[in-house]
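Report on one structure; see the data block that follows.
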């Protein structure tokens, strides 16, 4: 298979990749970075088609420019997927400036090695930047993508060096062994571009679903399932304490002011409590107006102070309408008590506060 045919095969694969990524965008419109990735693949496909016209230098240069633009959009796509500013404008300008050395070089077959070196150097820089951007995204697939683009950068760097060190081996027809090998590797990279990004989207969707399954959508804190998962790994040894927290007469708020007001009260308390508790504390909403907090490293006295501080913080920054808290506290001095038993004891103390008039703290 000659070089021109391989370029057309590459263009076809790039076009199919662009179509698949556009379809992915239609399915997951809220997923960041998918549309620019699809546009990048389309630009690369168009650039490869233009590059395949070996009889026309302007078309070859135009195709190289489109390929550069495609790589710039890929970098912007990875950046936006990671939550960073895309910087699309500066990247497209950089891709445009990168074509100028190729346009300035002599257009003779004797100087084709210089054009190959310039092309490979630019692809080295873009691939390296893309590889460096992937690790900002959590997960296994982004690390694999980073490794593939890093390898791609290394191979293009080697090709640039080869073109400069052995200019007599460079060929304008792309029929040489090195050119064929580079295009075969590019074919593998196009499959990576399609599969790698799709798998990364899939991994993010999986992680988002797991997060949503463990979070309370109203308050943004852990739900009961999330609390059980996190608390099971927290402070398995050593002292710990558990707070069972109830908003007093919450049903009356819903009945009098309506459920939207009740929702605002719940969200307000979650924010206040989140500011009062430590980073290592595990805080969750486990029912309508019921909350729980696991305090690793806290004995009974420290847990009582934490509970009183919660009540005081809410009194100082009350929602509308104002509410009070009843809190049951249970402590485990050495970590020997199971979490279920600790919760049962704290729940018993909570009901004791309710029988005693509410708006207070009781220790089991």
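The values are calculated or read from the model by the stated rules, or taken from the named source; none is laboratory data. What you see is a predicted model; the values in this text were computed from it and never measured. Neighbour counts are summed over all protein chains in view; Cβ atoms, including those assigned to glycine, are modelled from backbone coordinates with ideal geometry.
Structure data summary
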item	result
Of all residues making up the range 333-349, the number that are at pLDDT 90 or above and surrounded by 14 or more Cβ atoms within 10 Å (Cβ to Cβ)	8
Check on residue 274, modelled with pLDDT under 95, assigned to a helix (DSSP H, G or I) and surrounded by fewer than 17 Cβ atoms within 10 Å (Cβ to Cβ)	yes
Condition broken by residue 194, with the remaining ones in (1) more than 30 Å from residue 8 (Cβ to Cβ); (2) in contact (Cβ under 8 Å) with a residue 60 or more places away in the chain satisfied	(1)
Selection within the range 45-66 - free of Cβ contacts under 8 Å to residues at least 40 places away in the same chain and part of a helix (DSSP H, G or I)	45, 46, 47, 50, 58, 59, 60, 62, 63, 65, 66
In the range 67-98, residue farthest from residue 161 (Cα to Cα) [restricted to those that are more than 22 Å from the chain's Cα centre (by Cα) and surrounded by fewer than 21 Cβ atoms within 10 Å (Cβ to Cβ)]	89
Total residues in the range 323-357, condition touching a residue at least 60 places away in the same chain (Cβ under 8 Å) and either on the phi > 0 side of the Ramachandran plot or not in a helix (DSSP H, G or I) (or both)	13
